[in-house]
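Inspection log for the structure reproduced underneath, given as structure tokens.
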Amino acid sequence: MQIVLHGAAAGYEAEHTARIFYPAAELSQTLPDDTADLVLAVAHRYLLLVLVRQNGTTTWVQQRPPQGDARTQEYALCRMLYTMLCGVTGIRPPWGMMTGVRPVRIIHDLRAEGKTEEEIEQRFLQHFDCTPRRFAMAKSIADLQRPVLERAQPMDCGVYAGIPFCPSRCSYCSFVSRTVGDKSSRALVAPTWTACARSLPLPAPLRTPHTSASKRCISAAAPPPASTRSSCAS
């Protein structure tokens, strides 16, 4: 499978929307031959077009670009592509069309903007097409972090310790990680988690050549080990 993009609105988001469904696809600057499998996304001044050709069958959708800025057109193109690929592949991604973003950060940012809890929920369920179960998980993590963030002082810093092992890789994830699919991978989980837990909480203020003694660590957190979680949302 190859991904071919044309137009200013057909960039990173469109590429990674396609990769939700075809993670091993190659990005190509030119159209392949008439028999090759491809995902095509085109953003033109007067037309948005998405097309997928797989196993000799071609499906495509087009529409006029919506009025608005570049981000509005980018979202419209990605939504067209996402909806079409859901139908073609039969895949319903649990995180919807999220790409390259941390869901919990979105919740914190929307709350900081003054959005209501209902507006935040609709953002996840309608704008991103996230499943209710995944949104509930992200919200529970955000709720857990909220009192810590609210107590933060200007010179405070936070430490995030990630466990780089997951049962599956989320479409939005840009962290260094690996799926735990074989015995050798699973064998690394427990020692890594034990070493991380042994080092927490940090016993003293962080002191490096780039931090002052007046800084204090307000949080040190890690997601639960891969054997007990289905996805990382923090």
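The values are calculated or read from the model by the stated rules, or taken from the named source; none is laboratory data. All values derive from a computational prediction rather than experimental measurement. Cβ sites come from the backbone with ideal geometry, for glycine too, and all protein chains shown count toward neighbours.
In this structure, Ile141 does not qualify as modelled with pLDDT of 95 or more and under 26 Å from Thr17 (Cβ atoms). Could we say that His16 is touching a residue at least 24 places away in the same chain (Cβ under 8 Å), surrounded by 14 or more Cβ atoms within 10 Å (Cβ to Cβ) and farther than 21 Å from Phe128 by Cβ here? Taking the combined requirement at face value, the residue does not satisfy it.
Within the stretch 76-96, the set of residues being out of contact with any Ser or Thr (no Cβ under 9 Å at 6 or more places or on another chain) and either buried (at least 18 other Cβ atoms within 10 Å of the Cβ) or of a type in the set (D, E, K, R) (or both) comprises Ala76, Met80.
Let's see how each residue does on (1) modelled with pLDDT under 70; (2) surrounded by 13 or more Cβ atoms within 10 Å (Cβ to Cβ):
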position	(1), (2)
Gln153	no, no
Cys170	yes, yes
Ser174	yes, no
Ser184	no, no
Pro191	no, no
Pro201	yes, no
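Candidates are the residues of the stretch 97-118 that are within 12 Å of the chain's Cα centre (by Cα) and outside any helix (DSSP H, G or I); the one that is surrounded by the most Cβ atoms within 10 Å (Cβ to Cβ) is Met98. Every listed requirement among (1) over 16 Å from Glu13 (Cβ atoms); (2) in a loop (DSSP other than H, G, I, E, B); (3) not aliphatic (A, V, I, L, M) is met by Thr59 save one, (2).
Consider Ala10 carefully, then state whether it is aliphatic (A, V, I, L, M) and out of contact with any helix residue (DSSP H, G or I) (no Cβ under 9 Å at 6 or more places or on another chain). Considered against the rule, which asks whether it is aliphatic (A, V, I, L, M) and out of contact with any helix residue (DSSP H, G or I) (no Cβ under 9 Å at 6 or more places or on another chain), Ala10 comes out as no. In the set (1) part of a helix (DSSP H, G or I); (2) within 28 Å of Gly7 (Cβ to Cβ); (3) under 18 Å from the mean Cα position of the chain (by Cα), the condition left unmet by Glu121 is number (2).
Restricting attention to the stretch 124-138, which residues are over 15 Å from the mean Cα position of the chain (by Cα) and farther than 19 Å from Leu81 by Cβ? Before you say what the answer is, go through the steps one by one.
From the stretch 124-138, those over 15 Å from the mean Cα position of the chain (by Cα) are 126, 132-133, 136; that's our starting set.
The answer is Pro132, Arg133, Ala136.
Can you tell me how many residues within the stretch 62-95 are within 19 Å of Gly7 (Cα to Cα), out of contact with any Leu (no Cβ under 8 Å at 6 or more places or on another chain) and outside any helix (DSSP H, G or I)? Qualifying residue count for the region: 4. Taking the stretch 119-132 as the range and being of a type in the set (S, T, N, Q) and surrounded by 15 or more Cβ atoms within 10 Å (Cβ to Cβ) as the test, only Thr131 passes. Could you list, in sequence order, all residues of the stretch 47-106 that are among the acidic types (Asp, Glu) and at pLDDT 90 or above? Result: Glu74, single match. Each residue in the stretch 19-57 was checked for being over 11 Å from Leu5 (Cα atoms), β-branched (Val, Ile, Thr) and surrounded by 12 or more Cβ atoms within 10 Å (Cβ to Cβ), and 2 pass.
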